[in-house]
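Just below is one structure, and these are the notes that go with it.
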Amino acid sequence: MSIYKLYNGDVELIFDEKKHAYKANNKVVASVTGITGVVTSPALMYWAVNQATNFISRNWKAGTVYDEIQIQEILDDAKKAHRKVSSSAALIGTITHDYVQRYSLYRQKKIDKPRLPVNSLAEKSCLQFVDWVDKNNVTFHDTEFKIYSKKYNYAGTVDADITIGKKRFIVDYKTSSAIYDDMGLQLAGYQLAREEEDVAKYDSRMILRLPKDGSDFEFREFPDYDADKEAFLACLAYKKWQDLNKSKKSK
C-alpha cells in the first residue's frame, strides 16, 4: 500500500496496488476508472466478437466433417480467443507503459535515461513516443500522480501533466487498439479533481495511444471539457446507484 498526502495534508489517500483500490481518510472511495467503467464501449464488444470469428475461420476447414465433440471444442476455444490475445498484448502494453513513465521521469531529471525494451513491438512504440516528445518539445511537470475530489469523493491515478507550447494538458496513456470518445470522460474526472485541489489549471486534455501491434503511435486532444465533465458526473451518479442497489441486495 502507498500513502499520499493531498490538499496540503488534509486528505490522506491510501492506494492498494494489489486490489487497485483507494481509501481517503480511511474510507473506501470510487476510482475514476471504476466510475467510467459503467459505460461499456461497443468497440470492445465488436473486437471480442471479431477475435472469436477469426479463430473459427482459422480452425474450421471447408469440406471437413466434424463430430459433436470437435465442434464444441472449436466453439469453446473461440469463446476464449479474446483472452489469449489480450494476455500477450497486455504484456507488451505493460512493458511499453512502464518505459514511457520512466522516460518522462528522465525528462524531469529525476532518474537516469531508461533502456529501451528488447521486444520489437514494444521498442517501436517507445521510440515513436520519444520522437513525439522531442518534436513537440514536451515539458513534463508530473508523472503518475494521484488525484482525489473532496466534493465528489473519488480518486484516481493520472499518467502525466505536460505543457506543449503555451498549452497545459492532463494526459492519459492508452495501449488500446484505438482512441475512443468515452476516454474523454476519464480525463474529465482527473481534471475536475486536480483543479479542485488547485494544483494546476489545464487548457485541455489528451490521450496518447501506445500501440502494442506495431501500428503507428497517435495522440488526440479532448477540448470539450464541459460536455465530458457532465457525462463523467452522470457516470458517477449511475455508479452510486449501482452500489446502493448491490448494498440493498446483500442485506
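Considered as a group, the residues in segment 145-194 that are among the acidic types (Asp, Glu) and at pLDDT 95 or above include one that is nearest to the chain's Cα centre (by Cα), and that residue is Asp172. Per the listing Tyr190, Tyr173, the residue uniquely crowded, with 16+ Cβ neighbours inside 10 Å, in contact with a strand residue (DSSP E or B) (Cβ under 9 Å, 6 or more places away or on another chain) and assigned to a strand (DSSP E or B) is Tyr173.
Out of Thr40, Thr64, one residue alone is farther than 28 Å from Asp142 by Cβ, assigned to a loop (DSSP other than H, G, I, E, B) and at pLDDT below 85. It is Thr40. Taking the conditions exactly as written (open to solvent by 10 Å² or more (accessible area, probe 1.4 Å) and within 21 Å of Lys239 (Cα to Cα)), does Tyr154 satisfy them or not? The answer is no for Tyr154. Going through (1) within 22 Å of Thr157 (Cβ to Cβ); (2) assigned to a helix (DSSP H, G or I) one by one, Thr143 falls short only on (2).
Here His141 passes the criteria (1) more than 15 Å from the chain's Cα centre (by Cα); (2) modelled with pLDDT under 95; (3) open to solvent by 70 Å² or more (accessible area, probe 1.4 Å); (4) under 26 Å from Val100 (Cα atoms) except the one numbered (2). Note on segment 198-224: among residues that are touching a residue at least 40 places away in the same chain (Cβ under 8 Å) and more than 17 Å from Asp159 (Cβ to Cβ), the one that is surrounded by the most Cβ atoms within 10 Å (Cβ to Cβ) is Asp224. Residue check: Tyr190 meets all listed conditions (1) farther than 17 Å from Thr96 by Cα; (2) of a type in the set (Ser, Thr, Tyr); (3) touching a Lys or Arg at 6+ places or on another chain (Cβ under 6 Å) but one, namely (3). With respect to Arg102, is the statement that it is of a type in the set (Lys, Arg), modelled with pLDDT of 95 or more and not in a helix (DSSP H, G or I) true? Spelling it out, it is not the case that Arg102 is of a type in the set (Lys, Arg), modelled with pLDDT of 95 or more and not in a helix (DSSP H, G or I). Could you check, for segment 74-97, whether at least one of its residues is among the polar types (S, T, N, Q), open to solvent by less than 40 Å² (accessible area, probe 1.4 Å), at pLDDT below 85 and within 28 Å of Ser177 (Cα to Cα)? No, every residue in segment 74-97 fails to be among the polar types (S, T, N, Q), open to solvent by less than 40 Å² (accessible area, probe 1.4 Å), at pLDDT below 85 and within 28 Å of Ser177 (Cα to Cα). Would you check if there is a residue in segment 199-207 being polar (S, T, N, Q) and under 16 Å from Val138 (Cα atoms)? Checked segment 199-207: at least one residue is polar (S, T, N, Q) and under 16 Å from Val138 (Cα atoms).
The values are calculated or read from the model by the stated rules, or taken from the named source; none is laboratory data. All values derive from a computational prediction rather than experimental measurement. We place every Cβ from the backbone using ideal geometry, glycine too, and count neighbours over all the protein chains shown. We work out accessible area using only protein heavy atoms, side chains counted, and drop any ligands, DNA or RNA first. Shrake-Rupley method; radii C 1.70, N 1.55, O 1.52, S 1.80 Å.
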